[in-house]
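All of the numbers you see were taken from the coordinates with simple rules; none came from a lab. Just so it is clear, the model here is predicted, and its values are computed rather than measured. When we count neighbours, we look across all protein chains shown, and the Cβ atoms used for this are built from the backbone with ideal geometry, even at glycine.
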Amino acid sequence: MAKVLISEVMNPIAAQLLKEAGHEVVQMTSMDPEVLREYIKDCDAVVNRILPIDRAMMESNANLKIISKHGVGLDNYDLPAAKELGIMVTCTPGCNAQSVAEHSIALMMASARNLKAVAGGYETIGWDAKKRGDGVELWGKTLGIVGCGDIGSRVARMLHGGFAMRVLVYDPYISKVPEGCELMGSLDEVLSQSDFISVHCFLSEETKHLIGEKEFAAMKKGAIFINCARGPIVDENALVKAVESGHLGAAAVDVTETEPLPKDHPLFALPNVIVTPHFAAQSREASYNVARTAAENVIHFFSDGKVVGRVV
């Protein structure tokens, strides 16, 4: 059968299913792209999460037939090269959407209640940490959603239905939004009216630095900004300036332009900014579902061809 490389540590269901289907499984434990470059040379399939796979890697192995993405973001792959070389690329649509949506809301609530400063302060200065500023409620506020696919629409439904929020959506690629939400004609309309802004669009040449200095300036003073999509969608220098100036009330990001983020990065030093390490999709349920579907795509590719989430 096929030799399948699992390039990153993931839920063991992936390796289990592949072995049960008769495939040889090779497990990488390093997150070094150069290690992947060596491992990929003699495999028939790769189950991969966030490590980059470029044209040179694909060309180094004439036997490579499928790259099965563990997740949905595809910005770490050279898709034109895969198409040209006849390598199928699949993803796992919907498998981690609920996890990312809930993490986005968790960051939103933690930012609104100033939990980083208050919880951290309780450990260092004691009871007086409660004087570090009142939080704000989500109830009845206006939420701006940038990108309303599977994840964005879940965030919209939960916050509109559960917190009576007015939800404004900017997404030029859709014509319908969840019930009770409003599809707006421009990004500025959403940014200028929203108390909370949550980013959920794909990364592309079109969306790189979609949110920069101009866009932060367009936001309401005191707005709270959340990004659980991809780091390069946001100009981080502009984000730091918007927080430091006091224009933004708070921010929380699960993704950054450089990952992992250097320990001396100014985002870590800001008391009203929460940074998590690309962690949104790592619930127990999502980790299992994504690993299972990624493995099943490889299994079906070599058996009956009935994959899901085919991109190339």
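When the residues of the range 206-260 are filtered to those that are part of a helix (DSSP H, G or I) and of a type in the set (A, V, I, L, M), the one that is surrounded by the fewest Cβ atoms within 10 Å (Cβ to Cβ) is A217. Mind checking whether some residue in the range 47-57 is in contact (Cβ under 8 Å) with a residue 40 or more places away in the chain and in contact with a Lys or Arg (Cβ under 6 Å, 6 or more places away or on another chain)? No: the range 47-57 contains no residue that is in contact (Cβ under 8 Å) with a residue 40 or more places away in the chain and in contact with a Lys or Arg (Cβ under 6 Å, 6 or more places away or on another chain). Before we move on, is I53 out of contact with any Leu (no Cβ under 7 Å at 6 or more places or on another chain) and under 30 Å from K306 (Cα atoms)? For I53, the condition - out of contact with any Leu (no Cβ under 7 Å at 6 or more places or on another chain) and under 30 Å from K306 (Cα atoms) - is met.
The set of residues in the range 254-291 that are touching a Cys at 6+ places or on another chain (Cβ under 7 Å) and of a type in the set (G, A, S) comprises A280, A286.
Taking (1) under 20 Å from I274 (Cα atoms); (2) in a helix (DSSP H, G or I) in turn, S198 satisfies each apart from (2). Taking the conditions (1) surrounded by fewer than 18 Cβ atoms within 10 Å (Cβ to Cβ); (2) free of Cβ contacts under 8 Å to residues at least 24 places away in the same chain; (3) not β-branched (V, I, T) in turn, P271 satisfies each one other than (2). Pairing each residue of the range 180-205 that is surrounded by 23 or more Cβ atoms within 10 Å (Cβ to Cβ) with any residue that is assigned to a loop (DSSP other than H, G, I, E, B), provided the two are 6+ apart or on different chains, yields C-beta distances under 6 Å for V190/M184; L191/M219; V199/A229; H200/G147; H200/A229; C201/G147; C201/T207; C201/A229.
Among the residues of the range 261-308, those identified as part of a loop (DSSP other than H, G, I, E, B), under 26 Å from S204 (Cβ atoms) and touching a strand residue (DSSP E or B) at 6+ places or on another chain (Cβ under 9 Å) are L261, H265, T276, V307, V308. Apart from one condition, N227 fits all of (1) more than 20 Å from P277 (Cα to Cα); (2) free of Cβ contacts under 8 Å to residues at least 40 places away in the same chain; the exception is (1).
Does any residue of the range 110-129 turn out to be within 23 Å of K3 (Cβ to Cβ), acidic (D, E) and without any contact (Cβ under 8 Å) to a residue 60 or more places away in the chain? No - not one qualifying residue is present in the range 110-129.
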